[in-house]
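Structure first, commentary second.
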Amino acid sequence: MPDLLIELFSEEIPARMQARAADELKKRMTDGLVEAGLTYAGAAAYVTPRRLALTVTGLTAESPTLREERKGPKVGAPDKAIEGFLRGAGLSRDDLEERDTPKGAVYFATITKPGRKAEDIVADVLDATVRNFPWPKSMRWGAGSLRWVRPLHSILCILTDETGARVVELDIDGIKAGDTTEGHRFLAPGRFAVTSFEDYETQLKRRSVILNAAERAETIWHDATNMAFANGLEVMDDAGLLAEVAGLVEFPVVLMGEIGADFLDLPPEVLQTSMKEHQKFFSVRNPRSGRIERFVTVANRTTADDGATILAGNQKVLSARLSDAKFFWENDLRVARADMATWTRALENVTFHNKLGSQGDRIRRIAALAETIAPVTGADAAEARRAAELAKADLSSEMVYEFPELQGLMGRYYITAAGIGEAVAAAAEEHYSPLGPSDSVPTAPVSVAVALADKLDTLAGFWAIDEKPTGSKDPFALRRAALGVIRLVLENDLQMALGEIAAAALGGHSDAEDAAVLADLMGFIHDRLKVLLRDRGIRHDIIDACLDMPGADDLTKLVKRAEALDAVLKTEDGENLLQGYKRASNILAQAEEKDGVEYSFGADPRFAQDPSETALFEALDMAESAIAPALGREDFAAAMAAMAGLRAPVDAFFEAVQVNTDNQTVRRNRLNLLSRIRSVCLSVADLTRIEG
């Protein structure tokens with residue numbers, strides 16, 4: 001069983017495209033080989049800036065011969081029908097066989113598809129893969145029609161077995177497959193032949209190419225952290241940057257350089273962002289001072305001067321970049337200390353959305369809403385309004401214009417520099433959070449109030465103009481905003497009538513004062529809550545059972561009720577009580593429909609004929625006396641436990657008595673007793689919504 005090795009050697013592949021390209025090569029090749037009848041033991045793809053490689057082990061030498069039997073027309077059918085069948089099967093009349101069937105004599109044909117050699121199948125599949133490769137961007141070069149991410153120079157394609165290696169014959173747009181490749185562009189130029197994947201990987205490493213991207217990343221991180229540690233410093237972790245840099249080099253050489261003294265007082269986030277975005281440098285921090293003092297760059301080669309020339313060039317370019325950042329920083333500080341209202345006034349001319357007004361309009365809405373929310377979060381209302389008025393001021397700053405990802409953070413720096421309170425400054429940075437499921441949630445009262453106001457205004461605005469998410473499309477990140485609202489409420493244990501606040505947010509959009517719009521918006525938020533709780537193991541029907549209870553727009557109360565119901569339904573008592581409740585409800589519904597009356601009151605223990613009835617009356621009295629106070633103090637666990645305590649007397653009642661007895665007085669009393677079971681259970685949660 002031969003092993004397959006493929007390498008597609010080209011000019012530099014952009015780092016952001018490499019991982020997906022390797023996955024795509026593996027998937028398309030292995031899927032194509034399997035579809036053609038070959039099997040394999042394992043496959044792995046590799047990528048460097050200049051090559052895509054695939055190794056497939058344990059490939060079958062040829063596809064199996066296939067025999068397919070086809071049923072044709074009846075004997076005596078028109079010639080045209082028979083000829084059409086023969087053309088489709090690729091056979092002649094001599095190949096037909098007559099067989100008797102229950103419907104008469106019928107022609108049958110056996111079609112044999114001989115197996116194909118692995119070489120032929122590999123050539124076809126690789127040709128199709130290369131010609132149809134889904135690069136995000138591709139180009140043509142020369143006079144050919146082939147498109148590739150960058151000019152494709154050579155194709156290595158060999159099959160190796162116990163007899164040795166053989167080249168798969170293939171020609172794609174004049175590029176013939178062979179058994180040779182190239183080493184490092186600078187350190188080991190020139191072509192060389194390989195005989196297997198092991199030989200290929202070994203020879204590449206000998207020629208200064210590390211084929212495995214994970215190994216390149218590990219080498220970079222190991223050398224960088226050791227270099228920093230030796231100087232009493234630490235490299236700031238950045239997994240995304242590490243993966244990108246590993247995709248820029250075939251032979252990583254780590255170098256550490258110094259940042260000019262003029263720039264050390266810049267905010268560390270500015271230094272880190274500027275170096276990462278413009279230079280792909282890692283930031284190196286002094287753990288004692290918290291300042292970023294050096295940088296790590298990764299070269300693609302060794303040099304006679306141990307990288308001194310490379311470092312000098314990098315430091316020169318970095319100095320120019322940081323000079324710009326320092327200019328922005330100092331300019332912005334002057335504006336912030338003089339009058340931050342200069343920036344907020346500028347936002348009057350910045351459109352947020354053509355149907356929702358300017359950023360200035362939006363800031364006024366958020367400020368009013370933050371003032372409304374402040375008492376719930378424990379914030380001072382005036383301070384919350386002030387924070388909302390300044391939270392987006394930094395959008396007009398030069399630094400945020402250059403580095404949009406620093407919005408909010410720079411606002412904190414500028415508000416602090418202006419001498420405004422720390423709570424207001426913190427709100428500027430934190431009001432965008434949480435941005436994703438792993439992002440932390442602000443806890444400071446002012447920050448929470450502004451963050452909620454920001455997200456609720458976004459949701460209310462787009463609901464007002466009917467620009468809601470559809471299917472997988474959510475261009476304004478409204479699902480993220482709704483999840484942010486939910487997490488802010490739950491993780492800060494806020495108790496608030498979210499419906500009222502959402503109505504106030506909608507009120508900021510004059511066209512949206514519509515109960516249907518509010519109901520739809522709250523439904524959307526509740527749907528997002530279901531997704532969040534499902535990830536915590538709480539079923540959607542349990543949430544639905546709690547959504548129908550009073551105060552469901554208080555998300556904290558809603559979740560506590562759902563968690564308590566989930567816990568009790570996971571117990572044997574809870575599960576059996578649910579069945580008893582459903583049995584009671586079904587009997588009651590059938591009787592009410594038959595009799596045309598509602599059995600909702602009048603159960604009297606004096607008409608009890610069996611001890612189980614008397615016990616059930618007593619149990620219901622005890623449950624009601626426990627459940628109502630528990631619900632009043634929002635002790636849902638106690639309320640659910642009291643409900644679950646009905647399991648035994650309900651079970652005993654159904655085992656001992658017949659509800660629909662011939663004695664009509666007793667029957668009515670027992671039906672009213674079932675109604676009490678139903679009402680007691682429904683006071684805790686709407687158990688009709690529980691499935692199963």
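Could you tell me whether ARG583 is free of Cβ contacts under 8 Å to residues at least 60 places away in the same chain and farther than 22 Å from ALA638 by Cβ?
Working: free of Cβ contacts under 8 Å to residues at least 60 places away in the same chain: no; farther than 22 Å from ALA638 by Cβ: yes.
So ARG583 fails the test.
Of everything in the range 303-339 that's in contact (Cβ under 8 Å) with a residue 60 or more places away in the chain and within 37 Å of the chain's Cα centre (by Cα), which residue is surrounded by the fewest Cβ atoms within 10 Å (Cβ to Cβ)?
ASP324
Counting just the residues of the range 280-299 that are part of a loop (DSSP other than H, G, I, E, B) and more than 34 Å from the chain's Cα centre (by Cα), which one comes out modelled with the lowest pLDDT?
The first filter runs over the range 280-299 and keeps only residues part of a loop (DSSP other than H, G, I, E, B), leaving 280-281, 286-291.
Still in the list and also more than 34 Å from the chain's Cα centre (by Cα): 286, 288-289.
Working: ASN286: 95, ARG288: 93, SER289: 90.
My answer is SER289.
So, in the range 189-205, exactly how many residues are small (Gly, Ala, Ser) and at pLDDT below 95? Don't jump to the end; show me each part of the working.
Taking the range 189-205 first, the residues small (Gly, Ala, Ser) are 190, 193, 196.
When the remaining residues are screened for being at pLDDT below 95, the result is 190.
Residues that pass the stated criteria total 1.
Among the residues of the range 419-450, how many are in a loop (DSSP other than H, G, I, E, B), of a type in the set (D, E, K, R) and within 20 Å of ALA341 (Cβ to Cβ)? Write out each step before concluding.
In the first step, residues of the range 419-450 are kept if they are in a loop (DSSP other than H, G, I, E, B); the result is 419-421, 431-444.
This time we only want the ones that are of a type in the set (D, E, K, R), so: 439.
From what's left, within 20 Å of ALA341 (Cβ to Cβ): none.
Count: 0.
Could you count how many residues in the range 81-124 are of a type in the set (Gly, Ala, Ser) and in contact with a helix residue (DSSP H, G or I) (Cβ under 9 Å, 6 or more places away or on another chain)?
Taking the range 81-124 as the starting set, the residues that turn out to be of a type in the set (Gly, Ala, Ser) are 81, 84, 88-90, 92, 104-105, 109, 115, 118, 123.
Of the ones still in play, those that are also in contact with a helix residue (DSSP H, G or I) (Cβ under 9 Å, 6 or more places away or on another chain) are 89, 92, 109, 118.
Within the range 81-124, residues that are of a type in the set (Gly, Ala, Ser) and in contact with a helix residue (DSSP H, G or I) (Cβ under 9 Å, 6 or more places away or on another chain) number 4.
Would you please list the contacts, defined by Cβ atoms under 7 Å and residues six or more apart or on different chains, that run from a residue in the range 117-128 that is touching a residue at least 12 places away in the same chain (Cβ under 8 Å) to a residue that is in a helix (DSSP H, G or I)?
ILE121/LEU33; VAL125/MET29; VAL125/GLY32; VAL125/LEU33; LEU126/MET29; ALA128/GLY32
Could we say that VAL149 is outside the structural domain of VAL298 (by TED's automatic domain parsing), at pLDDT 95 or above and under 21 Å from GLU11 (Cβ atoms) here?
Answer is yes for this residue.
Condition check ((1) at pLDDT below 95; (2) more than 21 Å from ALA451 (Cβ to Cβ); (3) assigned by TED's automatic domain parsing to the domain that holds GLU634; (4) not in a helix (DSSP H, G or I)) across all residues:
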| position | (1), (2), (3), (4) |
| --- | --- |
| ARG480 | no, no, no, no |
| GLY484 | no, no, no, no |
| ASP493 | no, no, no, yes |
| ILE501 | no, no, no, no |
| ASP511 | yes, yes, no, no |
| ALA519 | yes, yes, no, no |
| PHE524 | no, no, no, no |
| ILE538 | yes, yes, no, yes |
| ILE542 | yes, yes, no, no |
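What are the residues in the range 78-99 that are assigned to a helix (DSSP H, G or I) and of a type in the set (Lys, Arg), if any? Explain how you work it out, then say what you get.
Applying the first criterion (assigned to a helix (DSSP H, G or I)) to the range 78-99 yields 79-89, 93-95.
If the condition is that a residue be assigned to a helix (DSSP H, G or I) and of a type in the set (Lys, Arg), then LYS80, ARG87, ARG93 are the ones that fit.
Based on this model, can you work out whether ALA388 counts as of a type in the set (A, V, I, L, M, F, W, C) and in a helix (DSSP H, G or I)?
Numbers: of a type in the set (A, V, I, L, M, F, W, C): yes; in a helix (DSSP H, G or I): yes.
Yes, satisfied.
Considering each residue of the range 289-302, count those that are touching a residue at least 24 places away in the same chain (Cβ under 8 Å) and over 19 Å from MET275 (Cα atoms), and give that number.
Our first condition is that a residue be touching a residue at least 24 places away in the same chain (Cβ under 8 Å); within the range 289-302, this holds for 291-302.
Within this subset, residues satisfying the condition of being over 19 Å from MET275 (Cα atoms) are 301-302.
Number of matching residues: 2.
Collect the residues in the range 401-418 that are part of a helix (DSSP H, G or I) and over 26 Å from the mean Cα position of the chain (by Cα), keeping them in residue-number order.
Of the residues in the range 401-418, the ones part of a helix (DSSP H, G or I) are 401-402, 404-406, 409-417.
Result: TYR401, GLU402, MET410, GLY411, ARG412, TYR413, TYR414, ILE415, THR416, ALA417.
For the range 544-555: of the residues being assigned to a helix (DSSP H, G or I) and either of a type outside the set (Asp, Glu) or modelled with pLDDT of 95 or more (or both), which is nearest to ARG689 (Cα to Cα)? If you could, list the steps in order and put the result at the bottom.
Residues of the range 544-555 that are assigned to a helix (DSSP H, G or I), as a first pass: 544-547, 555.
From the residues that got through so far, the ones that are either of a type outside the set (Asp, Glu) or modelled with pLDDT of 95 or more (or both) too are 545-547, 555.
Details: ALA545: 5, CYS546: 9, LEU547: 10, LEU555: 19 Å.
Checking each candidate, the answer is ALA545.
Among the candidates THR60, THR55, which residue alone is touching a strand residue (DSSP E or B) at 6+ places or on another chain (Cβ under 7 Å) and of a type in the set (S, T, N, Q)? Outline the logic, then answer.
Working: THR60 fails: touching a strand residue (DSSP E or B) at 6+ places or on another chain (Cβ under 7 Å).
Going through THR60, THR55 in turn, the sole match is THR55.
Just the residues that are at negative phi, outside any helix (DSSP H, G or I) and in contact (Cβ under 8 Å) with a residue 40 or more places away in the chain, please, taken from the range 217-243. I'd like the intermediate steps shown before the answer.
Going residue by residue through the range 217-243, those that are at negative phi are 217-231, 233-243.
So of that shortlist, the ones also outside any helix (DSSP H, G or I) come out as 231, 233-238.
Of everything in the range 217-243, those that are at negative phi, outside any helix (DSSP H, G or I) and in contact (Cβ under 8 Å) with a residue 40 or more places away in the chain turn out to be ASN231, LEU233, GLU234, VAL235, MET236, ASP238.
Filter the range 116-154 for residues that are within 28 Å of PRO64 (Cβ to Cβ) and part of a strand (DSSP E or B) and give the result. Show your work before the answer.
First pass over the range 116-154, keeping only residues within 28 Å of PRO64 (Cβ to Cβ): 116-132.
The answer is LYS117, and nothing else.
Just checking, which of THR55, THR30, THR48, THR65 is crowded, with 17+ Cβ neighbours inside 10 Å, of a type outside the set (D, E, K, R) and more than 24 Å from ASP171 (Cβ to Cβ)? Even if it seems obvious, please write down each step before you answer.
Values: THR55 fails: more than 24 Å from ASP171 (Cβ to Cβ); THR30 fails: more than 24 Å from ASP171 (Cβ to Cβ); THR65 fails: crowded, with 17+ Cβ neighbours inside 10 Å.
Testing whether each residue is crowded, with 17+ Cβ neighbours inside 10 Å, of a type outside the set (D, E, K, R) and more than 24 Å from ASP171 (Cβ to Cβ) leaves just THR48.
Within the range 556-645, which helices (runs of 4 or more DSSP H) (wholly inside it) include 3 or more residues that are surrounded by fewer than 19 Cβ atoms within 10 Å (Cβ to Cβ)? Steps first, please.
Working: elements: 572-595, 611-632, 636-644.
The qualifying helices (runs of 4 or more DSSP H) are 572-595, 611-632.
So which residues in the range 503-540 are surrounded by fewer than 17 Cβ atoms within 10 Å (Cβ to Cβ), more than 26 Å from ARG633 (Cβ to Cβ) and of a type in the set (D, E, K, R)?
Answer for the range 503-540, where residues must be surrounded by fewer than 17 Cβ atoms within 10 Å (Cβ to Cβ), more than 26 Å from ARG633 (Cβ to Cβ) and of a type in the set (D, E, K, R): ASP511, GLU513, ASP514, ASP520, ASP527, ARG534, ASP535.
Do any residues in the range 161-183 that are closer than 18 Å to LEU54 by Cβ and not assigned by TED's automatic domain parsing to the domain that holds PHE251 have Cβ atoms under 8 Å from those of residues that are hydroxyl-bearing (Ser, Thr, Tyr) and not in a strand (DSSP E or B), where the two are at least six apart or on different chains, and which pairs are they?
Matching pairs, first to second residue: ALA165/THR195; ALA165/SER196; ASP179/THR195; THR181/TYR200.
Within the range 646-682, which residues are part of a loop (DSSP other than H, G, I, E, B) and either crowded, with 16+ Cβ neighbours inside 10 Å or of a type in the set (Lys, Arg) (or both)? Explain how you work it out, then say what you get.
Residues of the range 646-682 part of a loop (DSSP other than H, G, I, E, B): 646, 657-663.
Those that are part of a loop (DSSP other than H, G, I, E, B) and either crowded, with 16+ Cβ neighbours inside 10 Å or of a type in the set (Lys, Arg) (or both): LEU646, VAL657, VAL659.
Select, from LYS557, LYS530, the only residue that is in contact with a His (Cβ under 6 Å, 6 or more places away or on another chain) and on the phi < 0 side of the Ramachandran plot.
On the way: LYS557 fails: in contact with a His (Cβ under 6 Å, 6 or more places away or on another chain).
Answer to the selection: LYS530.
Could you say which residue among ALA637, ALA648 is closer than 28 Å to GLY551 by Cβ and either at pLDDT below 90 or not β-branched (Val, Ile, Thr) (or both)? It would help to see each step written out before you state the result.
On the way: ALA648 fails: closer than 28 Å to GLY551 by Cβ.
None of the others qualify; the one that does is ALA637.
Would you confirm whether or not the range 43-57 contains a residue that is assigned by TED's automatic domain parsing to the domain that holds ILE155 and farther than 30 Å from ARG216 by Cα? Give the steps one after another, and end with the answer.
Here is the first cut: in the range 43-57, the ones assigned by TED's automatic domain parsing to the domain that holds ILE155 are 43-57.
Remaining after also requiring farther than 30 Å from ARG216 by Cα: none.
Within the range 43-57, not a single residue is assigned by TED's automatic domain parsing to the domain that holds ILE155 and farther than 30 Å from ARG216 by Cα.
Which residue, of LEU478, LEU483, is over 30 Å from GLY632 (Cα atoms) and buried (at least 20 other Cβ atoms within 10 Å of the Cβ)? Break it down into steps so the answer makes sense when it comes.
Numbers: LEU483 fails: over 30 Å from GLY632 (Cα atoms).
Going through LEU478, LEU483 in turn, the sole match is LEU478.
Just for strands (runs of 3 or more DSSP E) wholly inside the range 1-77: which have at least 2 residues that are free of Cβ contacts under 8 Å to residues at least 24 places away in the same chain?
Values: elements: 3-10, 42-48, 51-57, 66-74.
In the range 1-77, the matching strands (runs of 3 or more DSSP E) lie at 42-48.
A quick yes/no check of all residues on (1) of a type outside the set (Phe, Trp, Tyr); (2) surrounded by fewer than 24 Cβ atoms within 10 Å (Cβ to Cβ); (3) at positive phi; (4) free of Cβ contacts under 8 Å to residues at least 40 places away in the same chain:
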residue	(1), (2), (3), (4)
SER396	yes, yes, no, no
LEU409	yes, yes, no, no
VAL448	yes, no, no, no
ALA451	yes, no, no, yes
GLY461	yes, no, no, no
LYS468	yes, yes, no, no
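Can you say whether ARG345 is part of a helix (DSSP H, G or I) and within 18 Å of ALA504 (Cα to Cα), as far as the supplied structure shows? Before you say what the answer is, go through the steps one by one.
On the way: part of a helix (DSSP H, G or I): yes; within 18 Å of ALA504 (Cα to Cα): no.
In short, no.
The values are calculated or read from the model by the stated rules, or taken from the named source; none is laboratory data. Everything numeric here is computed off the predicted structure, so don't read it as measured data. We place every Cβ from the backbone using ideal geometry, glycine too, and count neighbours over all the protein chains shown.
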